[in-house]
Amino acid sequence: MIRRCLFLTVLAIFMLAQFIYASGDDREGGISGTGISGVITDLGSIHVNGIKIEVGDAQVVSSVFGQRIAGSLEAGESVAIDVIRQGDAWHATHLKHYVPLLGPLARSAGNSFSVLGSNLIITSDTQFRGFSDKDDLVDGEWVLVDGLWRGSSVVASRITKIPARQIASVTGSYSPPQNSDDSFLIGNTRIEGIQPQHLSRGDVITVEGLVTENGLSAQSINKGLFTGNPGIALVEGYLTKPDAVGYYTLQGTGLVAYVDGTPTAMSSERGLYCAKVVSKLKIKKVADLPETTLLRHDVMNRATKGWTQLCQN
């Protein structure tokens, strides 16, 4: 197997997971139950503090855009990975290309951009494939958007021009119907045509369907961020503020929790978080993360020092 390591913006998470599942110098055997979600920032044979992520070039990566091989992954793409630890190394057992938005681009006269009704936040770190920069973005062109949900918008890490397709898609947090027509929202994308069953507020779902004026006429709905069923998720993203009953979620991940008693002030800025997937418990913050990719690396490297018990309990 050809080894290829993914250095993610969630690099710190992998180091933290080492501490979660091992103490002292005990690094033997295989340990399962960890899900990782973030944005790829670099590729190569990377070893940091004894942690490495091994991915075979021919290993399958799934997504709404179709299956591909792991050797084709590039920086700027958002991923959700199931991992196990064997001996001194972390191994990816399932890889998913997390695609928040895929569909025709809308460019307004005010030079703002959206896909399927949900706005795009384009930063100095946003990468472009098929376009030279944001000034080259063309209204009506089909795009695949990588990145993280922030409110009803996606902070785009990468925007890729793709051929027009019959089916578009959106992946993000489910919001129950608020209208008499039973349509519902993911971000600011309105979903019509299917009455979802057995979904709860905040569940992460992928909807595929035909393009409408501000969303999709759904043809299929699938639930879940990770391919497997990890017990602990270690994720980069944006946290919502607690509402009147203490509910909050890590946007676009399906991770939901409640605060005890009176809702407390919580940062909604970009951060690194750990949480139990199936339990409605508090989501723990590992670190606040800058929006700039280079600065995030520095913050993560500092944040991991001495955090031996961070995600336990």
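Using the Cα atoms of segment 179-260, I'd like the radius of gyration and the largest Cα-Cα distance, Dmax, both in angstrom.
Final numbers for Rg and Dmax: 14.1, 41 Å.
Would you mind working out the accessible area per residue for segment 141-212, using a 1.4 Å probe, and quoting it in Å²?
42
For a quick check: with amide H placed at 1.01 Å from N, whose amide H comes under 5 Å from Thr212's, ignoring anything fewer than 5 positions away on the same chain?
Amide H neighbours of Thr212: Ser217.
Within a Cβ distance under 10 Å of Ser157, other residues only, what is the Lys/Arg minus Asp/Glu net charge?
Result for the local shell: -2.
When a/c is below 1.5 the answer is rounded, else prolate if a/b is larger than b/c, else oblate, so apply that to segment 218-258 with a ≥ b ≥ c taken from the square roots of the Cα gyration tensor eigenvalues.
It is oblate, given that a/c is not under 1.5 and a/b is not larger than b/c.
By accessible area of protein heavy atoms, probe 1.4 Å, what ranking do His198, His91, His97 get, highest first?
Heavy-atom accessible area, descending, gives His198, His91, His97.
With θ taken as phi - 60° and the coefficients 6.51, -1.76 and 1.60, list the Karplus ³J(HN,Hα) couplings across segment 54-59 in order, rounded to whole Hz; mark glycine and proline as x.
Using θ = phi - 60°, the values come out as 9, 9, x, 4, 8, 5 Hz.
In this model, which of Lys96/Lys276; Lys161/Lys282; Lys96/Lys284; Lys96/Lys282; Lys223/Lys285; Lys96/Lys241 are farther than 30 Å apart at the alpha-carbon?
Lys161/Lys282
When all protein chains stay in place, what accessible area (Å², nearest 10, 1.4 Å probe) is found for Asp139?
Per-residue accessible area (Asp139): approximately 100 Å².
At 1.4 Å probe size, put Glu291, Glu236 in order of accessible surface, largest to smallest.
Reading off the accessible areas and sorting them downward yields Glu291, Glu236.
The values are calculated or read from the model by the stated rules, or taken from the named source; none is laboratory data. Given the structure is predicted, the values throughout are model-derived calculations rather than measurements. Heads up, the Cβs are rebuilt from the backbone with ideal geometry, glycines too, and the neighbour counts pull from every protein chain shown. Just so you know, the surface numbers come from the protein's heavy atoms only, side chains and all, with ligands and any DNA or RNA stripped out. Shrake-Rupley method; radii C 1.70, N 1.55, O 1.52, S 1.80 Å.
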